[in-house]
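Here is the structure we will look at, set down as structure tokens.
The values are calculated or read from the model by the stated rules, or taken from the named source; none is laboratory data. Model, not experiment: these values are computed from the prediction. So basically every Cβ, Gly included, is an ideal-geometry build from the backbone, and we count neighbours across all protein chains shown.
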Amino acid sequence: MKHVLITAAAAATIASGAMAQEVTLGRFFGACEDAGTDTKASVGEPCIIQSIINAASAEIDGVTVNTLPTDWGNYYDQIKAAYAGGTPPDVHVMHRHRIPEFAGLGALADLSDDLAAAGIDTSDWAPAALDAVSFNGGIYGVPMDFHANLWHVNMDLMAQAGLVENGQPVLPSSPEELLAHAQQVKEATGQDYLAADFAQFPIGVRLTLALMWQQDANIFDGDTATIDNDAARNAVTAITQLFDAGVANPQLNYADSQQAFLNGEAAILVNGTWVVDFYDAEAAKEEVALDNYYVADFPTLFDTGATWADSHMWAIPASLKANDAEGYAAALKVLAFINDHNIDWARTGHMAVRNSVLESDAYANLPHRDEYTGTAAIARDTPPSERYGAIQDVLNRELQAIWLTGKSVDMALADAEAEVQDLLDR
Amino acid sequence: MGRTSGQFRLKLNERQAALVLLTPFLAVYGVFLVYPFFKGFWISLHDWNLLAVAFNPDAKEFVGLRNYQRVMWGRDIEWGAFAQPFIQLFGLAVIGLAIFLRRVGRVSKVTAIAIGLAAALLFVLPGFHPGEGGRWYDRRFWPTVGNTLVFVGLTVPGVAITALILAAALNRETRAMGLLRTIFFVSQVLSVTVVTLIWQIMFSPRQGLIANITDLFGGSPIIWLTDERFAMAAIVITTVWWSLGIAMILFLAGLQDISRDLYEAAALDNASGVKAFWFITLPNLKRTITLVVVLQIILHFQVFGQSHLMTNGGPDDTTQVLVRYIYQSAFRDSELGRASAMAVFLFVIMGAFSVLQFVLGREEDA
């Protein structure tokens with residue numbers, strides 16, 4: 001009897017040794033229940049990323065990927081709590097703007113010396129992509145995209161207002177022209193000119209930031225907050241003039257503003273690259289009012305072209321590299337698989353990070369891709385800071401106070417500057 | 001019972017038996033409540049970055065009470081009797097009222113002292129303000145405390161009154177009433193995510209039920225969650241709907257304790273309906289009302305999900321509440337020391353209400 005038990009135990013050990021290495025994965029982008037493993041057929045950010053992950057789990061020998069349940073809004077809080085508790089996921093997605101905070105504390109594994117062996121060719125990454133994942137001389141992640149704010153356009157409304165030339169929308173080149181176009185659309189169609197989430201998520205902040213960068217200004221410089229100035233005032237009033245004229249509604253949140261655009265109630269929606277394939281699919285539907293969908297680069301209203309941008313990237317915790325060689329190798333295989341499927345991820349509308357993809361016909365032929373080729377050159381973000389999240393929150397609060405609660409621009413900018421300064425001083 | 005079964009019985013005196021029975025509770029209580037509480041207080045005395053300390057336990061620095069100072073105090077803070085005249089004069093008036101009520105014997109000594117102390121705080125605390133050139137170190141903390149008080153101040157009477165009316169209406173032994181009681185209780189068992197999802201849809205200006213009703217009457221829909229005038233009301237309404245159940249059940253239990261004889265006697269004296277409710281039901285429910293109110297106060301000071309999920313604390317921080325600020329400080333900003341200091345502050349407030357409940361409960365026993 002004893003022998004039988006020992007044999008059984010030994011067999012079990014061997015069996016589990018041969019069993020697949022499980023890689024836990026943390027991500028945002030939202031849930032997709034039935035993504036399948038076809039990375040070419042899925043639509044929308046959540047389903048495209050999940051189909052890539054499912055395919056990785058199915059196709060990489062000896063590795064299964066377990067996607068952990070996480071929530072978009074609280075993603076970084078969850079990841080931080082997981083790190084603090086010593087149980088971070090084996091691979092997780094993050095934004096480039098979080099690298100100073102996470103890598104600065106030693107949370108992330110430096111992948112520099114292991115990428116080539118895992119089949120990831122860093123020389124194929126666009127220079128800006130390599131830059132996005134580099135920190136203090138190390139490489140702390142595998143970049144997946146550049147994403148940026150775009151102008152999503154309802155061409156039918158624009159045409160009615162006489163704002164289409166040679167099949168392209170006529171976009172404003174100054175704040176005055178912005179208002180004039182907006183009034184043209186209102187008079188011709190009765191609909192709003194511009195919609196965006198000014199009420200909840202920081203799309204309004206990103207719009208304002210872009211208009212500040214277009215004047216070669218920024219919200220802080222080193223350790224000094226620089227928000228209470230004319231550049232910010234110009235940026236804010238370029239937007240508030242639309243609300244004052246009744247040609248845009250500041251009270252719509254993300255879902256409502258998107259719905260307004262799809263319902264044909266707004267000529268322009270300011271939102272990111274992540275929705276291009278989704279809106280394209282919606283516009284094709286009979287029951288959706290938006291029919292003639294076009295994507296445009298964020299227009300330059302001031303001196304220099306600029307739009308808010310960021311990068312998604314995949315990282316591995318330092319603890320996995322230090323303590324679990326097999327787990328680390330498996331995690332790298334998953335990152336390599338995601339890197340190999342850069343073209344599939346670009347189907348969302350995001351810009352690819354690999355030169356070989358950027359130069360491919362498959363990439364150029366993606367829907368609407370040729371309409372926003374200028375975006376890569378004007379992509380910008382705030383300077384790196386460990387307090388990125390808190391600073392965004394201050395700006396979001398004070399800007400919302402301007403458009404939602406009628407707080408004076410001067411007071412809001414002064415308060416924003418004081419609070420950002422407090423954060424920089426801490 | 002036969003003696004045989006007691007052959008191996010341990011002989012415990014009452015004290016030992018009590019100790020044995022209490023041990024599991026004390027162990028759990030100690031590990032999950034007492035220890036974390038003191039740990040939290042300990043953290044609040046440090047400059048403690050959540051991530052940095054996780055990777056390097058020596059990364060924390062003892063700073064004494066500086067976190068408390070940084071959160072609650074400021075530069076050049078002054079005190080004036082008329083800094084916030086309305087609240088402070090109201091506080092003074094309530095102090096006067098407490099003294100008067102005690103003099104004429106309408107309230108007990110303890111109640112008078114409790115009311116008086118609360119009113120004194122209302123007079124003293126709002127008097128602090130930054131002087132010329134001064135400022136609060138944390139500009140958001142006191143407004144956040146204020147929002148939390150407003151939330152509690154609206155929600156607790158809302159829950160108590162609605163639950164009382166429902167309980168009085170449903171206090172009948174018919175099958176329909178039983179069904180209605182269940183229906184009204186059902187919302188209580190839902191999680192905060194479900195509740196806020198339901199109400200986000202209800203409040204949506206595009207597809208929401210409320211917007212459709214206003215539409216029907218030709219009004220333009222209110223954009224509840226992003227309008228500063230309605231955002232707090234929206235999360236209060238949600239919370240009242242959510243927390244009715246327990247309060248209603250407690251009131252029903254209280255109502256069923258009131259003897260039928262009282263109502264019959266009252267009916268003979270020509271008191272029924274509203275009169276009976278006012279002169280018989282309410283006085284007899286006093287203990288239950290106190291219990292419900294204090295429980296609800298303690299519960300709703302900890303509001304988090306409704307504000308976090310429905311309004312993100314906005315617009316312009318009008319629905320930012322204390323627990324959400326603690327959460328953001330600890331997890332978004334990694335400032336565990338600062339967050340713990342705020343949590344200790346919240347504990348003191350809730351502790352004060354627990355003591356009040358205890359005092360009022362004992363007083364009526366006597």
Within the range A:57-81, which residues are within 14 Å of chain B (Cβ to nearest Cβ) and either in a loop (DSSP other than H, G, I, E, B) or within 15 Å of A:Ile338 (Cβ to Cβ) (or both)? A:Pro69, A:Thr70, A:Asp71, A:Trp72, A:Gly73, A:Asn74
Wholly within the range B:201-320, helices (runs of 4 or more DSSP H) carrying at least 3 residues that are within 28 Å of the chain's Cα centre (by Cα): B:231-257, B:286-301
From the options B:Thr281, B:Thr238, residue that is under 20 Å from B:Ile201 (Cβ atoms) and among the β-branched types (Val, Ile, Thr): B:Thr238
Is at least one residue of the range A:376-386 within 14 Å of chain B (Cβ to nearest Cβ) and either touching a residue at least 60 places away in the same chain (Cβ under 8 Å) or within 17 Å of A:Val205 (Cβ to Cβ) (or both)? yes
Considering only residues that are surrounded by fewer than 24 Cβ atoms within 10 Å (Cβ to Cβ) and facing another protein chain (nearest Cβ under 8 Å), which ones fall in the range A:398-419? A:Ala401, A:Leu404, A:Thr405, A:Lys407, A:Asp415, A:Ala418, A:Glu419
Only one of B:Val348, B:Val323 is at pLDDT 90 or above, away from chain A (no Cβ under 12 Å) and touching a Leu at 6+ places or on another chain (Cβ under 9 Å). Can you tell me which? B:Val323
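Results for (1) over 23 Å from A:His95 (Cα atoms); (2) in contact (Cβ under 8 Å) with a residue 60 or more places away in the chain; (3) touching a Lys or Arg at 6+ places or on another chain (Cβ under 9 Å); (4) assigned to a helix (DSSP H, G or I), shown as yes or no for each residue.
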position: A:Phe261; (1), (2), (3), (4): yes, yes, no, yes
position: A:Ala267; (1), (2), (3), (4): yes, yes, no, no
position: A:Asn271; (1), (2), (3), (4): no, yes, no, no
position: A:Asp277; (1), (2), (3), (4): no, yes, yes, yes
position: A:Glu282; (1), (2), (3), (4): yes, no, no, yes
position: A:Asp303; (1), (2), (3), (4): yes, yes, no, no
position: A:Ala309; (1), (2), (3), (4): no, yes, yes, no
Could you check, for the range A:321-340, whether at least one of its residues is surrounded by fewer than 22 Cβ atoms within 10 Å (Cβ to Cβ) and within 20 Å of the chain's Cα centre (by Cα)? yes
Of the conditions (1) at pLDDT 95 or above; (2) among the aliphatic types (A, V, I, L, M); (3) exposed (fewer than 14 other Cβ atoms within 10 Å of the Cβ), A:Ala55 clears all except one; give me its number. (3)
Please return the ranges of helices (runs of 4 or more DSSP H) entirely within the range A:97-215 where 1 or more residues are over 26 Å from the mean Cα position of the chain (by Cα) and either surrounded by 23 or more Cβ atoms within 10 Å (Cβ to Cβ) or within 14 Å of another protein chain (Cβ to nearest Cβ) (or both). A:155-160, A:175-189
Any idea which residue in the range A:86-96 is surrounded by the fewest Cβ atoms within 10 Å (Cβ to Cβ), counting only those that are more than 8 Å from chain B (Cβ to nearest Cβ) and assigned to a loop (DSSP other than H, G, I, E, B)? A:Thr87
Across the range B:224-264, which residue is surrounded by the most Cβ atoms within 10 Å (Cβ to Cβ) among those that are charged (D, E, K, R) and more than 14 Å from every other protein chain (Cβ to nearest Cβ)? B:Asp257
